[in-house]
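Each remark here refers to the structure printed beneath this line.
The values are calculated or read from the model by the stated rules, or taken from the named source; none is laboratory data. Keep in mind it's a predicted model, so treat the numbers as computed, not measured. Please note: Cβ atoms are built from the backbone with ideal geometry, for glycine as well, and neighbour counts cover all protein chains shown.
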Amino acid sequence: MSPIVELRNATKTFPGVVALDKVQLQLFPGEIHCLVGENGAGKSTLIKILAGQYKPDAGELLIRGQAVHFHAPADSLRSGIAVIYQDLQLVPHLSVAENISLGQWQTRSGFVDRAAMAERSRAALGQLGTHVDGWINVVELSKAKQQLVEIARALSRQAQILILDEPTAALSESEGDQLLAVLGRLRQKGFAMLYVSHRLEEVFQIADRITVLRDGKYAGAELRQNISPAEVVRMMVGGDVGMFPKRRHRPKADQKAMEVKSISRAGVIDDISFDLHAGEVLGLAGIVGAGRSELAACLFGVTPIDSGEILIGGKTAVISSPNDAKQFGIGLVPEDRKNLGVVSILSIRENVSLSVFKKISHFGWINRNLESRLIEEHSKRLAIKAPSLETQVLALSGGNQQKVVLARWLATTPKILILDEPTQGIDVGAKAEIHELIEDLVTSGIAIILISSELPELIAMSDRILVMRKGKIVAELDGHNATKENIIHHAAGSEEVQTDTI
């Protein structure tokens with residue numbers, strides 16, 4: 001069988017950077033081909049070449065055996081290629097049917113043919129084996145359903161080649177499994193799919209073949225059954241990387257950093273109580289909608305509580321805003337780092353400076369020497385990879401953007417850090433660095449609340465795990481009780497497994 005897509009010695013350079021250096025790729029019909037590599041390895045550049053956004057400086061792109069030269073994304077679409085990006089390209093306040101026909105609305109007597117639009121929507125979603133009301137606005141759908149609408153739009157345009165960039169990054173485990181099942185059905189129908197993911201467990205669940213990029217170069221490609229996850233990691237980083245650091249610290253039970261007593265917020269969290277100790281990683285587990293991020297928002301003053309009490313260092317803390325939380329030594333690294341964690345159009349220096357303006361200024365004037373020392377210290381501590389501290393954050397990889405968010409809070413010398421999905425959407429190398437940083441922080445006495453949907457990460461990194469369901473804490477697990485099975489049973493509401501509950 002001949003490849004439907006082939007890249008031969010693709011090279012792409014930018015000023016001072018070789019993004020791709022003689023990269024190879026073959027994609028066959030009826031195949032899910034996973035593309036992996038660290039942030040900055042060249043995956044996004046490769047996708048943009050296939051999407052017609054970039055032209056390679058050298059090398060060949062062949063579609064169905066014929067050399068092609070894309071001058072715009074429309075050329076890629078006409079060749080049957082559709083890209084489903086991590087940040088979905090949907091119009092939220094238009095309906096499902098309107099989004100699927102977007103740019104190709106049929107008319108009758110000068111008016112939009114809504115019947116034709118509805119039929120097109122039904123046919124496209126039918127190929128995925130799913131049903132979604134064509135006239136519901138996209139904004140009302142779950143992330144998983146929005147993902148399906150995006151794929152359905154591609155199918156309605158006769159795409160035979162799908163490129164999926166981190167499609168499960170914002171989905172729960174069950175939603176991700178449902179999406180993978182849909183992709184499996186498309187594979188059986190002969191669609192060719194290039195699937196980009198940082199989640200190796202997911203890659204080995206769905207891949208037929210795996211191509212690895214490292215530092216813009218082709219590191220190799222193998223059939224999934226011929227390679228192990230450890231070998232893929234070695235190809236990605238050029239050596240061995242442990243999935244989690246060896247735990248060094250033990251929290252001191254007599255040093256309470258935070259006491260939460262029966263806090264509630266109507267419709268969000270209900271009667272939450274727990275203690276957080278200095279030098280402890282307290283994990284928060286639960287399915288999507290359990291209230292984990294909502295609890296974090298209440299603790300950080302984004303959404304003030306209706307009742308209950310929060311004590312910091314044994315004293316009542318009234319936290320009505322993020323600024324109040326900051327004054328009490330609390331920092332929050334949010335799940336949505338692009339919109340809530342950083343100001344992406346500002347530089348690394350400016351982003352970190354925003355959090356410590358009072359510390360580095362006098363009568364409104366910034367002490368540039370003090371600012372430089374502070375920012376360089378945290379930049380080195382977190383190993384932020386960038387040409388300079390004046391680099392815009394939007395130009396950084398996901399892992400380095402996350403490090404900038406962490407640097408902002410470390411510059412404030414916090415006592416408590418709330419980390420909401422701190423390793424979501426970043427590569428294994430950056431993930432390992434953040435795990436090591438968490439270990440260093442708790443060893444120094446900082447208390448951490450860790451929210452993660454990756455249960456192996458949560459179990460490995462946490463001293464205790466609180467399981468949430470429907471806005472309540474339903475279990476506290478540690479030691480031998482902190483297993484994936486126990487967490488899932490409590491999070492889903494099963495009573496089959498007996499553990500210590502709160």
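Kindly indicate whether any position in the range 132-150 is touching a Lys or Arg at 6+ places or on another chain (Cβ under 9 Å), farther than 30 Å from residue 172 by Cβ and crowded, with 17+ Cβ neighbours inside 10 Å. No; the residues of the range 132-150 include none that is touching a Lys or Arg at 6+ places or on another chain (Cβ under 9 Å), farther than 30 Å from residue 172 by Cβ and crowded, with 17+ Cβ neighbours inside 10 Å.
Scanning for something buried (at least 17 other Cβ atoms within 10 Å of the Cβ), part of a strand (DSSP E or B) and among the small types (Gly, Ala, Ser), does the range 181-203 turn up at least one residue? Yes, because at least one residue in the range 181-203 is buried (at least 17 other Cβ atoms within 10 Å of the Cβ), part of a strand (DSSP E or B) and among the small types (Gly, Ala, Ser).
Given the conditions (1) among the polar types (S, T, N, Q); (2) farther than 29 Å from residue 139 by Cβ; (3) in contact (Cβ under 8 Å) with a residue 12 or more places away in the chain; (4) surrounded by fewer than 16 Cβ atoms within 10 Å (Cβ to Cβ), which single one is not true for residue 53? The failed condition is (2).
Suppose the filter is modelled with pLDDT of 95 or more and either of a type in the set (Lys, Arg) or at positive phi (or both); does residue 59 pass it? For residue 59, the condition - modelled with pLDDT of 95 or more and either of a type in the set (Lys, Arg) or at positive phi (or both) - is met. The residue that is surrounded by the fewest Cβ atoms within 10 Å (Cβ to Cβ), counting only those in the range 301-320 that are over 17 Å from residue 262 (Cβ atoms) and in contact with a Pro (Cβ under 9 Å, 6 or more places away or on another chain), is 320. Here is the figure for the range 62-78: residues that are crowded, with 20+ Cβ neighbours inside 10 Å and either closer than 23 Å to residue 166 by Cα or at pLDDT below 95 (or both) total 1. Looking across the range 174-216, the residues that are among the acidic types (Asp, Glu) and within 14 Å of residue 425 (Cα to Cα) come down to 201, 202.
To keep it simple, each residue is scored yes or no on (1) outside any loop (DSSP other than H, G, I, E, B); (2) within 17 Å of residue 86 (Cα to Cα); (3) more than 25 Å from the chain's Cα centre (by Cα).
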site: 2; (1), (2), (3): no, no, yes
site: 6; (1), (2), (3): yes, no, yes
site: 12; (1), (2), (3): yes, no, yes
site: 24; (1), (2), (3): yes, no, yes
site: 32; (1), (2), (3): yes, no, no
site: 39; (1), (2), (3): no, yes, no
site: 45; (1), (2), (3): yes, yes, no
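Look at (1) closer than 21 Å to residue 402 by Cα; (2) among the β-branched types (Val, Ile, Thr); (3) out of contact with any helix residue (DSSP H, G or I) (no Cβ under 6 Å at 6 or more places or on another chain); (4) in the same structural domain as residue 440 (by TED's automatic domain parsing) and you find that residue 281 fails only one, number (3). Within the range 456-485, residues that are in the same structural domain as residue 428 (by TED's automatic domain parsing) reach partners that are outside any loop (DSSP other than H, G, I, E, B) and of a type in the set (Asp, Glu) with beta carbons closer than 7 Å, at six or more positions or on different chains, in the pairs 464/476; 466/476; 471/270; 472/270; 472/271. The range 210-285 holds strands (runs of 3 or more DSSP E) entirely within its bounds, and those carrying 1 or more residues that are modelled with pLDDT of 95 or more and surrounded by fewer than 19 Cβ atoms within 10 Å (Cβ to Cβ) map to 217-223, 256-265, 269-277.
When residue 393 is tested against the conditions (1) surrounded by fewer than 21 Cβ atoms within 10 Å (Cβ to Cβ); (2) not assigned by TED's automatic domain parsing to the domain that holds residue 280, the lone failure is (1). In the same structural domain as residue 12 (by TED's automatic domain parsing) and within 23 Å of residue 170 (Cβ to Cβ): does that describe residue 85? Yes: the conditions hold for residue 85. Of all the listed residues (102, 88, 77, 61), the sole one being part of a helix (DSSP H, G or I) and of a type in the set (A, V, I, L, M, F, W, C) is 77.
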